[in-house]
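I have placed the structure first, in the form of structure tokens, so that the comments after it can refer back to it.
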Amino acid sequence: MGWAKISIDHDGSEHRGFIAAHSRSLVSLMHLVGVVYILVFCSAVFLMEICLTLPYMKQYYHNTSSFKTFLSYYIYISIITNYLLILTHQKKSHFSSDHLTELPFRAGNDFQKQHDVPLDWTKCKHCNIHVPLRTRHCSVCRVCTLKKDHHCYFTACCVGFYNQKYFIIFSFYGIVGGTFALYHLIFFLNSSYAPFLSVQIYKYFLPYAFMSVLFGYTSFFELLLVMFLFLHVSSTAASTYYFLWQMFLIFRNQTSYEFLKRTRTVDMTVSEHLQSVFGPYWLISFLVPVPFLLNKGDGMHWPCKKSL
């Protein structure tokens, strides 16, 4: 009956509602998969380091084993902590009509005749409010985000003014941790599975690895290690891309949207933009995840270009 009702709905509103509901369910599922993947993969890499590759390497490098174990804990804690800070700080970047009461003026529709809207503010047609410069609406989150850079499905939220710092540091430690663990995994596989620089390199091709397990030439555990190798490479490459891209944008004083639109909306030095993202003590933020060291600014007020 439900499908029959949809088929005779002339204006299509119920059909659109059905599609929208299923689209939201799909997005929620993608978010869940993304978050679970990050947490499970990072934890699995850490456990593999502690329980497999580092103990194996201890046979060859006993003097550095304690330091490498400490480094593994440090990198893992830094990755997970910064990832959780991305999630917990996402809502601070959300902009709604509630923020307007905190300003010396109110830019809502009821007050437009009595109060001037800042020239650099634009109206969001989805939220029906005026929003600050660099604030954009996210169709996935269904909310406006201060200094929105992009929506990330692996964090289930937008990267905006208040969590961009943690996203960049998370990507940085993704590079460090990925390279660190990748080296140890390659060392282990090179010694116990197949030498990389040899004619046996074909054993690392996934189709061959799968067939070898089916015919009993290799174990399922070795197949998992080969798959982990590919996940390592792809995750480290992704972390490298996001870190370099974000730093590139910071040095250009742009967001991803502004870069694609070829616009520069704010007038800030590189040093000012760095402090806007990381705060005045950026080095401490990279070494220790401390959420009380805030970035400068509020995401609503920006020094505009004169052309604005």
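The values are calculated or read from the model by the stated rules, or taken from the named source; none is laboratory data. In this text, all values refer to a predicted model and were calculated from it rather than measured experimentally. Virtual Cβ from ideal backbone geometry, glycine too; neighbours counted across all protein chains shown.
Brief remarks follow.
- Taking residues in the stretch 182-200 that are at pLDDT below 95, and partners anywhere that are part of a helix (DSSP H, G or I) and loosely packed, with under 13 Cβ neighbours inside 10 Å, the pairs with Cβ atoms closer than 9 Å and at least 6 places apart or on different chains are 193/200; 194/200; 194/201; 194/202; 195/201.
- Each residue in the stretch 223-282 was checked for being polar (S, T, N, Q), loosely packed, with under 14 Cβ neighbours inside 10 Å and assigned to a helix (DSSP H, G or I), and 2 of them qualify.
- Selection within the stretch 70-106: residues that are assigned to a loop (DSSP other than H, G, I, E, B) and at pLDDT below 85. The member of this set that is nearest to residue 159 (Cα to Cα) is 96.
- Residue within the stretch 45-63 that is within 22 Å of the chain's Cα centre (by Cα) and at pLDDT 90 or above present: yes
- Scanning the stretch 154-167 for residues that are surrounded by 24 or more Cβ atoms within 10 Å (Cβ to Cβ), within 18 Å of residue 245 (Cα to Cα) and within 11 Å of the chain's Cα centre (by Cα) returns 158, 159, 160, 163, 164, 165, 166, 167.
- Any hit, the stretch 179-202, residues being among the aliphatic types (A, V, I, L, M), part of a loop (DSSP other than H, G, I, E, B) and loosely packed, with under 13 Cβ neighbours inside 10 Å: yes
- Only listed residue being of a type in the set (Phe, Trp, Tyr) and farther than 23 Å from residue 43 by Cβ, chosen from 210, 180: 210
- Residue in the stretch 229-247 that is touching a helix residue (DSSP H, G or I) at 6+ places or on another chain (Cβ under 7 Å) and under 26 Å from residue 121 (Cβ atoms) present: yes
- Selected residue (only one of 165, 148 is under 29 Å from residue 50 (Cα atoms) and of a type in the set (Lys, Arg)): 165
- Selection within the stretch 31-88: residues that are of a type in the set (A, V, I, L, M, F, W, C) and over 27 Å from residue 290 (Cα atoms). The member of this set that is surrounded by the fewest Cβ atoms within 10 Å (Cβ to Cβ) is 51.
- Restricting 249, 223 to those that are touching a residue at least 12 places away in the same chain (Cβ under 8 Å) and over 23 Å from residue 171 (Cβ atoms) reduces the list to 223.
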